[in-house]
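Contents: one structure, followed by commentary.
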Amino acid sequence: MNMSGLLSALILLIIQGALAQRVRVEPEVMSYPGQTVTLRCMFPNPGDTQLTQVSWIFERTDTERTNIAVFHPTFGINYPTTSPVVGRVRFILDSPTLDNPSIQISNVKMTDEGRYICEYATYPSGNEQGVTSLVMLAKPKNIATTVTVTAGKTPVIVARCESSNGRPAATISWSTTLNGNMTPPITTDNPDNTVSVQSAYMLTPQPSDNGKDISCMVSHRTMPQPETIPMKLVVEYPPRVQIKGYDDNWYRGRTSAFLTCQADGNPAPTTVTWKTLSGLMPETVQVQETRLVVQKVDDTINTTFICEVKNSLGYSRDQVTVFVREQPPPASNAGVIAGAIFACILAVILLGVLIYFLVFHNRRQQHGYRGTGKPAGAPYDSFTRLFGSAKSSKNGTGNNGNNNTPIYRGEVGLNEKTANQGMHPGGVALLETTHTHTADILLSREMDEVERKKFDELEEEEERYDHFGGGGPILQLRPHDDDLDDDMESQRDGSVISRTAVYV
């Protein structure tokens, strides 16, 4: 029951609130100084409510309420003289009505910002009102500057940023890689109702911070995007000095040796002075501002050189001690070793290429012609002519292939006339066959089937030719004795050939 009662009360309040907001106005109106602003108000559908009078009230603060315009259907229009907008306010219609009592304020000022209340006097519900907030906008002027500081150990302000005479107040932020912090913004209300905002950036400055980038960013309602003001820090510090050029290789007789005094500072160094620890500058030394040139190294250079640099904040110095050597140090043999290693690697590569070429070339000679492994076009050597190919003929004793080398066959018992024909002077018979036209055809196991078929047909044709010629081959033989001459050699097929005779 309690929950139901609370819910009913809440609904009643909402309905009453909705009924109370019968005066229609614009919640917010924005304007810039010098413009004319319109404040609208109406009371639609009054129903049984009787509208008696309408008044415009300016409320700058919660304690200040001032009537600026009044309309009564009977008594007409009235603009109170105590109004802060007197002379600049008027009803839009020359003859306004209670249904549309909108007003205009011309040449608005920043001080015109506040709440404007359109209030109706009604019967029997009493006064009803609507509130419009006039927001005056003013684009601020933004500036940012760096503060010249001296390097130290205490945080100080190194940059400032200000957004002045804006409405509403601007927002300031910082963008930098420096390891510092921004101060809390300070807001100041100006007499013309504008606002100024100030912010600062604090840092413990170091010499390395000089020239670093830092930016102030200002965001405001009147600007579509933040305004960025870039700057560079200014940090002053005494000179920093370093002598360069000594390589610990100053030997007697060396020429064109030099030392350079590198210095930086803010402000820039004003003087650079070269000294020696002994107080006397060697005669072979020339001083050229920040550069000390030694024309020829001798024993007088065996000393300590000092470079002093000054600016308005102070001075700094650096020194280097030179040791004069008797002779230059031996050259490093690292280059020689590297060259030798490279030459060895190159030699190994060349040797490998040469071996590969020889082996590959030899294999090509062995397999250059299909059938024998001899190079194409190579003539028969004496070994092939004497002993024949590794393959035998189809009707011979070989396992496969054909024997295309000259075949020498002989038989004992021929007459002397036959034996004397074609007899070699040494007494050795010259043996020939009818197969000489095939002597240059060499086969191998790699021969394809087409070539094998052609060769078999040729062999069959040659065999038919041999049979047609009367059987046995035409040979010239010498009598075969049990004791062969030392020059003759017996073959497996029963024939004999000479070791020294040349067969054509």
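The values are calculated or read from the model by the stated rules, or taken from the named source; none is laboratory data. All values derive from a computational prediction rather than experimental measurement. Every residue, glycine as well, gets a Cβ built from its backbone with ideal geometry; the counts of neighbours run over all protein chains shown. Areas reflect the complete protein model, heavy atoms only, side chains present, ligands, DNA and RNA absent. Shrake-Rupley method; radii C 1.70, N 1.55, O 1.52, S 1.80 Å.
Here are a few things to note about the model shown:
- Accessible area (Å², 1.4 Å probe, nearest 10) - residue 291: 90 Å²
- Residues residue 111 and residue 74, FRET efficiency given R0 of 45 Å [Cβ-Cβ distance, rounded to 0.05]: 0.85
- Heavy atoms of residue 326: accessible area, 1.4 Å probe, square angstrom to 10: 130 Å²
- When 72, 361 are compared by accessible area of protein heavy atoms, the largest-first order is 361, 72, using a 1.4 Å probe.
- For the range 189-324, the relative contact order works out to 23 percent when only alpha carbon pairs closer than 8 Å and six or more residues apart are counted.
- Cα-Cα over 31 Å, subset of 109/232; 109/212; 212/275; 141/212: 109/232; 109/212; 212/275
- Note that the range 124-245 presents 52 Å² accessible area per residue, ligands and nucleic acids not counted, probe 1.4 Å.
- Normalised by the number of residues in the range 28-110, the mean separation of alpha-carbon contacts (under 8 Å, six or more apart) gives a relative contact order of 39 percent.
- Residue-by-residue Karplus 3J(HN,Hα) for the range 159-165, coefficients 6.51, -1.76, 1.60, Hz, glycine and proline x: 7, 10, 9, 9, 10, 10, 6
- Residue 26 accessible area, 1.4 Å probe, all protein chains in place, Å² to nearest 10: 80 Å²
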